[in-house]
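This report concerns only the one structure given below.
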Amino acid sequence: GAVLALPWLAGTLATRLAASVRKVHVTEGQHVGAGALLVSLSDEDLQGGLRAAETAVAAATTQAKRIENLAKQNAAIQAEMDQANVQLAQANAALAGVKANIGYTQIRAPFSGVVQARRVNEGDFVGPGMPLVEMEGHGALEFTGSISESEAKGLKIGQSLPFEVEGKTGLAQIIGLSTGGDPISHRGAIRARITKGGEAL
């Protein structure tokens, strides 16, 4: 195994919207990379709003071009051009707002780390600010190593174990555990965050 020194981050991810949970893509103890999709919220209403906003932008664009062509023929006044441009800008702003809200339905990991807790399940209705997933970045020090199925018996994520490295002792909490992942050795992997004694390493 190895001891890794890594930066520490933690955070509770929430939503800005009121919506139902479509799918939770992660489980507790799972390691995820930055940008990984954690939770998807329903966006049917927003998709309908997106189509309406796109239609409004198309109509405002057509109107602005029509007024511009009339102006070239001296058949439109400046006020009409100004009004058409304002309407187009408003339509584009509304479209951008809908797209932003659709982006908020995809809850993604802001950093690489481990899912500590999932607070919601599929079908749950959530509101703005409601916690969805708790994440923790890599601890200041971690152990990583391989482990057999027999060695993994009785172990579970969240469990604390004593360790000894070159005469230094302490405690480490298991944050990742998989067995039988290697098709040849049939050994898996274990990751543990050092919670006591790391300062001596």
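The values are calculated or read from the model by the stated rules, or taken from the named source; none is laboratory data. Everything numeric in this text was worked out from a predicted model, so none of it was measured. Don't worry about glycine lacking a Cβ; one is built from the backbone with ideal geometry, like all the others, and counts go over all protein chains shown. We work out accessible area using only protein heavy atoms, side chains counted, and drop any ligands, DNA or RNA first. Shrake-Rupley method; radii C 1.70, N 1.55, O 1.52, S 1.80 Å.
What to note about this one:
- Build a GNM of the chain with springs between Cα atoms under 10 Å apart, and of Leu161, Leu132, Leu17 the one that fluctuates most is Leu161.
- 1.4 Å probe accessible area per residue over the stretch 10-112, in Å²: 57
- The candidate values were [x] 20.9; [y] 21.8; [z] 17.0; the one computed from these coordinates for Kirkwood radius over Cα pairs in Å carries the label [x].
- The chain, relative contact order in percent, only Cα pairs under 8 angstrom and at least six apart counted: 30
- Computed over the stretch 19-113: relative contact order in percent, which uses C-alpha pairs under 8 Å that are six or more apart: 46
- Dividing the summed helix terms, -39500 (n - 2.57) for each DSSP H run of n ≥ 4, by the number of residues in the chain produces a 222 nm estimate of -10500 deg cm²/dmol to the nearest 500.
- Packing here is the average count of other Cβ atoms within 10 Å per residue, and on that basis the peptides 44-53, 169-178, highest first, run 169-178, 44-53.
- Counting only alpha carbon atoms, the long axis of helix 44-72 and the longest principal axis of the chain meet at about 40°.
- Close Lys-Lys pairs in the chain, where close means Cα under 27 Å and separation is 8 or more or interchain: 8
- Relative to the longest principal axis of the Cα atoms of the chain, the long axis of helix 78-104 lies at roughly 20 degrees.
- Overall, the accessible surface of the stretch 5-122 at a probe of 1.4 angstrom is composed of carbon and sulfur to the extent of 53 percent.
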